[in-house]
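Peer 1: Take a look at the following structure, please.
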Amino acid sequence: MADSMRVDIVSPEKVLFSGEANMVITRTNGGGEIAFQAGHAPFLGALVENHTRIFLTDGKIQDVAVHRGFVEVSGNTVSILSDVAELADEIDVARAKQALERHEMTLKTETVEANIADAVAGKARARARLTTTGTSFTA
């Protein structure tokens, strides 16, 4: 059995998750997916919108939609700090699908750069939510 480590996911409003895990997989800005296990070297990275997986010591997986932020590994602790993060069972799938469709439509028709940037960011959030819940989508 792999050594365990402490994992904390914190937003400004609350501690979303705190517990023991064997591994965490998340996605960094420009670096792709990265996995952390007990004993990992110290690390600090910026996160993009992604489906983060926490492999719990009881064999279950805690799925989390993380909407940007930072990951820090120090000692035997992985800390994810994010303005917005959501546990899979708290995500409104229908709303995420509607948001994805809305942002895709905006990207097809919009010409104002700021609105395009907002739609790209919104689409990334919606995709992270849907991936986290295991919901398929075509975009």
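Peer 1: Please work out which residue is nearest to Gly134 (Cα to Cα), limiting yourself to the range 53-88 and to residues that are in contact (Cβ under 8 Å) with a residue 40 or more places away in the chain, not in a strand (DSSP E or B) and not charged (D, E, K, R).
Peer 2: Across the range 53-88, the extreme among qualifying residues is Ala88.
Peer 1: Which of (1) touching a helix residue (DSSP H, G or I) at 6+ places or on another chain (Cβ under 8 Å); (2) under 30 Å from His40 (Cα atoms); (3) surrounded by 15 or more Cβ atoms within 10 Å (Cβ to Cβ); (4) not acidic (Asp, Glu) is the odd one out, the single condition Arg68 does not satisfy?
Peer 2: (1)
Peer 1: Please go through the range 29-45 and give me each residue that is farther than 19 Å from Asn76 by Cα and either among the small types (Gly, Ala, Ser) or in contact (Cβ under 8 Å) with a residue 60 or more places away in the chain (or both), ordered by number.
Peer 2: Listed by number, the residues that qualify are Gly30, Gly31, Gly32.
Peer 1: What pairs come up if the first residue lies in the range 107-124 and is surrounded by 10 or more Cβ atoms within 10 Å (Cβ to Cβ), the second is assigned to a helix (DSSP H, G or I) and acidic (Asp, Glu), and their beta carbons are under 7 Å apart, counting only those six or more places apart or on different chains?
Peer 2: Qualifying pairs under 7 Å: Lys123/Glu104.
Peer 1: Kindly provide the set of residues from the range 115-138 that are closer than 13 Å to Asp92 by Cα and either among the aliphatic types (A, V, I, L, M) or part of a helix (DSSP H, G or I) (or both), ordered by number.
Peer 2: Those that are closer than 13 Å to Asp92 by Cα and either among the aliphatic types (A, V, I, L, M) or part of a helix (DSSP H, G or I) (or both): Arg125, Ala126, Arg127, Ala128, Arg129, Leu130, Thr131, Thr132, Thr133.
Peer 1: Okay, moving on. Anything in the range 14-27 that is part of a strand (DSSP E or B) and not aliphatic (A, V, I, L, M)? List them, or say none.
Peer 2: Across the range 14-27, the qualifying residues are Phe17, Ser18, Gly19, Glu20, Asn22, Thr26, Arg27.
Peer 1: As an exercise: evaluate Asn22 against (1) farther than 21 Å from Gly122 by Cα; (2) surrounded by fewer than 17 Cβ atoms within 10 Å (Cβ to Cβ); (3) touching a Leu at 6+ places or on another chain (Cβ under 9 Å) and give the number of the one condition it does not meet.
Peer 2: (2)
Peer 1: While we're here: Would you check which residues across the range 28-52 are in a strand (DSSP E or B) and either touching a His at 6+ places or on another chain (Cβ under 7 Å) or surrounded by fewer than 19 Cβ atoms within 10 Å (Cβ to Cβ) (or both) and list them?
Peer 2: Selection gives Thr28, Gly32, Glu33, Ile34, Ala35, Gln37, Phe43, Leu44, Gly45, Ala46.
Peer 1: Being crowded, with 18+ Cβ neighbours inside 10 Å, within 16 Å of Ser11 (Cβ to Cβ), aliphatic (A, V, I, L, M) and out of contact with any Gly (no Cβ under 9 Å at 6 or more places or on another chain) is the filter here, so list the residues in the range 77-99 that pass it.
Peer 2: Val78, Ile91
Since every read-out is calculated from the coordinates, none of them should be taken as a lab result. Note that the structure is a prediction, hence the values are computed from the model and not measured. Note that we place each Cβ from the backbone using ideal geometry, even for glycine, and neighbour counts take in every protein chain shown.
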